[in-house]
Amino acid sequence: MQKTMAFLQQFQQETKLTEAWLRNRLQQIEQRGEFVPTTEELVYGAKIAWRNSNKCIGRLFWRSLHVFDARAYVTADEVFEQLCAHIAFATNRGKIRPAVTIFDEKRVRILNHQLIRYAGYEVGDTIIGDPHSVSFTKQCVNLGWQPQYGAFDVLPLVIQIDDESPKFYTIPHELILEVPITHPVYNFEELALKWYAVPMISDMALEVGDILYKAAPFNGWYMGTEIGARNFADTSRYNMLPVVAQLLALDTTQQATLWKDRALVELNIAVLHSFKQQGVSIVDHHTAATQFALFEQQEQEQGRDVTGNWTWLIPPMSPATTHVFHQPYNNTIKNPNFLSLPKKTSARV
């Protein structure tokens, strides 16, 4: 209960409650024999978890997080309904709203990496779609999902309640906002690329005090390089740099032409251009770094240390052009926080 006591102390201090409130609250927990956060405590905990997220460069906006207390929904159908509501709220026709939906910590699991994610298929020696999703796609097929073998097939949501067999649900098409990738100068249309509008992480747990909520999908909005320099560019993902270089007629016969760098820049320009053209929220890595500097300043003014995972905070393109590259960070994990799920709690599919 040490984490719970520390959390409630922090809650009491930051929300300016009295010492008497804290004593009464701790007495309630002792009498009940367990800590069951009120909705107000849960909302506060989720927001602080974002503020404490060492890997996130977008923490300036932690106060704006919308928190949905969904602990009362414990059937697979109910959970799916709440996830659809989350997708609709977060997407908001492109004006992305940060949100988290928190389910019962003991009974609900969401097996997806993200609520919206593209399938990956092994076909002979090649992979169609997203290589990151190959294993999970196989699991979905084993559950009865019908593969389409396209490059951008949205995977179903897979939900598990207690020790029951997981169930899969197809996300209604009208809830999924995707952005076709175009370029202000080059003909990127022939590449037939697109990406979904909202990154909604669903395979991390929300830790509040001593409680680990294993089903707590959350989202902000994309930083352009997450798509342009990782999802599209990584050799273990869509591996588009050689294709883009060919489109740009770059000399790829030797590394010294910096063809990868030039293709990477144009690919990232295309992502930012496309999202803005479609009116979908996105931030470039330079603006994100400037916003993070403001967050650091605000935290220092409040007397709080800023923790961070440097390898995640630096952008994957031109990192040395941001102040983050030159700044050391303490990677201590604070509570509340969003954590990787322990392997021992992994659900069967």
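The values are calculated or read from the model by the stated rules, or taken from the named source; none is laboratory data. Small disclaimer: the values here were computed from a predicted structure and weren't measured. Positions of Cβ are generated from backbone atoms using ideal geometry, with glycine treated the same way; all protein chains shown enter the neighbour counts.
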Problem set entry | Some residue of region 275-285 being acidic (D, E), touching a strand residue (DSSP E or B) at 6+ places or on another chain (Cβ under 9 Å) and surrounded by fewer than 21 Cβ atoms within 10 Å (Cβ to Cβ) | yes
For this session: Kindly indicate the residue of region 151-183 that is among the acidic types (D, E) and out of contact with any Gly (no Cβ under 7 Å at 6 or more places or on another chain) and also surrounded by the most Cβ atoms within 10 Å (Cβ to Cβ) among those meeting that condition.
Result: E178
Problem set entry | Residue satisfying condition, being under 23 Å from V243 (Cα atoms), in contact with a Lys or Arg (Cβ under 6 Å, 6 or more places away or on another chain) and not charged (D, E, K, R), within set P180, P184 | P180
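Any idea how many residues of region 161-180 are closer than 21 Å to N92 by Cβ and either over 20 Å from the mean Cα position of the chain (by Cα) or part of a loop (DSSP other than H, G, I, E, B) (or both)? It would help to see each step written out before you state the result.
To start, the set of residues in region 161-180 that are closer than 21 Å to N92 by Cβ comprises 171-180.
This time we only want the ones that are either over 20 Å from the mean Cα position of the chain (by Cα) or part of a loop (DSSP other than H, G, I, E, B) (or both), so: 171-174, 176-177, 180.
Final tally of qualifying residues: 7.
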Seminar exercise, completed: When every residue in region 292-349 that is basic (K, R) and within 30 Å of W145 (Cβ to Cβ) is compared, the one modelled with the highest pLDDT is K343
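Table: residues versus (1) surrounded by 17 or more Cβ atoms within 10 Å (Cβ to Cβ); (2) closer than 22 Å to I110 by Cβ; (3) at pLDDT below 95.
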{"site": "V134", "(1), (2), (3)": "no, yes, no"}
{"site": "Y149", "(1), (2), (3)": "no, no, no"}
{"site": "V185", "(1), (2), (3)": "no, no, no"}
{"site": "P199", "(1), (2), (3)": "yes, yes, no"}
Exercise. From the residues in region 16-53 that are assigned to a loop (DSSP other than H, G, I, E, B) and in contact with a helix residue (DSSP H, G or I) (Cβ under 7 Å, 6 or more places away or on another chain), which one is nearest to T225 (Cα to Cα)?
Worked result: S53
Problem set entry | Residue within region 148-160 that is among the charged types (D, E, K, R), over 28 Å from A46 (Cβ atoms) and either outside any strand (DSSP E or B) or touching a residue at least 24 places away in the same chain (Cβ under 8 Å) (or both) present | yes
